[in-house]
Amino acid sequence: MSAPVSNAAFDTSARAATLSLLARAPGARLATLLPDLPPFDWLRRPEVGAVMVRGRMGAGGGAPFNLGEMTVTRCALRLADGRVGHAAVQGCDKGHATRVAVIDALMQGEEEEAARIETAVLAPLRAEEATRRRIRAEKAAATKVEFFTLVRGED
């Protein structure tokens, strides 16, 4: 097996943003955008479990509290060239987690391959998410109530 290829432009903050986008994307949409997966070996087969979701009151400075549990699926895999991909997605869709891990590994390759994945998978997902957020914001804005106070009795 050859040594993994490193894409220096793919830093940790970009990787975290990519994994976050892929985890939020609908699993069926991801399967449509990336129907064929390259050969890989499992490091950790997809497994379903639960994580405790914690929160903080205020602007994040309050005491932490347990909000509840959330079902997640995680996995890790290695492509034939040695690149490793990881995934953790909400729910119990093992195919979704697998595709996220494959894309994570592919994005760590040559810049041309990362650009191809960016164009074919990530850019459409970003655009669709922006549209969903805009529609939700428009619906919320339509229910906005303006309050005002009348000043009485001024001399």
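The values are calculated or read from the model by the stated rules, or taken from the named source; none is laboratory data. What you see is a predicted model; the values in this text were computed from it and never measured. FYI the Cβ positions are ideal-geometry reconstructions off the backbone, even for glycines, and counts take in every protein chain you see. Ligands, DNA and RNA are stripped out before the accessible areas are found, and what is left, the full protein with its side chains, is counted by its heavy atoms. Shrake-Rupley method; radii C 1.70, N 1.55, O 1.52, S 1.80 Å.
Okay, residues lined up against (1) under 22 Å from Ala123 (Cβ atoms); (2) basic (Lys, Arg); (3) out of contact with any Gly (no Cβ under 8 Å at 6 or more places or on another chain):
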{"position": "Thr12", "(1), (2), (3)": "yes, no, yes"}
{"position": "Ala17", "(1), (2), (3)": "yes, no, yes"}
{"position": "Ala28", "(1), (2), (3)": "yes, no, yes"}
{"position": "Arg45", "(1), (2), (3)": "no, yes, yes"}
{"position": "Met52", "(1), (2), (3)": "no, no, no"}
{"position": "Ala63", "(1), (2), (3)": "no, no, yes"}
{"position": "Thr73", "(1), (2), (3)": "no, no, no"}
{"position": "Ala76", "(1), (2), (3)": "no, no, no"}
{"position": "Ala87", "(1), (2), (3)": "yes, no, yes"}
statement: All-but-one check, Ala16 against (1) in contact (Cβ under 8 Å) with a residue 12 or more places away in the chain; (2) open to solvent by 50 Å² or more (accessible area, probe 1.4 Å); (3) not charged (D, E, K, R), failing number (1)
statement: Scanning the range 48-64 for residues that are small (Gly, Ala, Ser) and open to solvent by less than 70 Å² (accessible area, probe 1.4 Å), the one farthest from Ala87 (Cα to Cα) turns out to be Gly62
- prompt: Of the numbered conditions (1) closer than 22 Å to Arg15 by Cα; (2) touching a residue at least 24 places away in the same chain (Cβ under 8 Å), Val48 satisfies every one except a single condition; which is it?
  reply: (1)
statement: Just one listed residue, out of Leu22, Leu77, Leu67, is crowded, with 17+ Cβ neighbours inside 10 Å, assigned to a strand (DSSP E or B) and touching a strand residue (DSSP E or B) at 6+ places or on another chain (Cβ under 9 Å), and it is Leu77
query: Any idea which residue in the range 25-47 is nearest to Leu79 (Cα to Cα), counting only those that are open to solvent by 70 Å² or more (accessible area, probe 1.4 Å) and assigned to a loop (DSSP other than H, G, I, E, B)?
result: Pro39
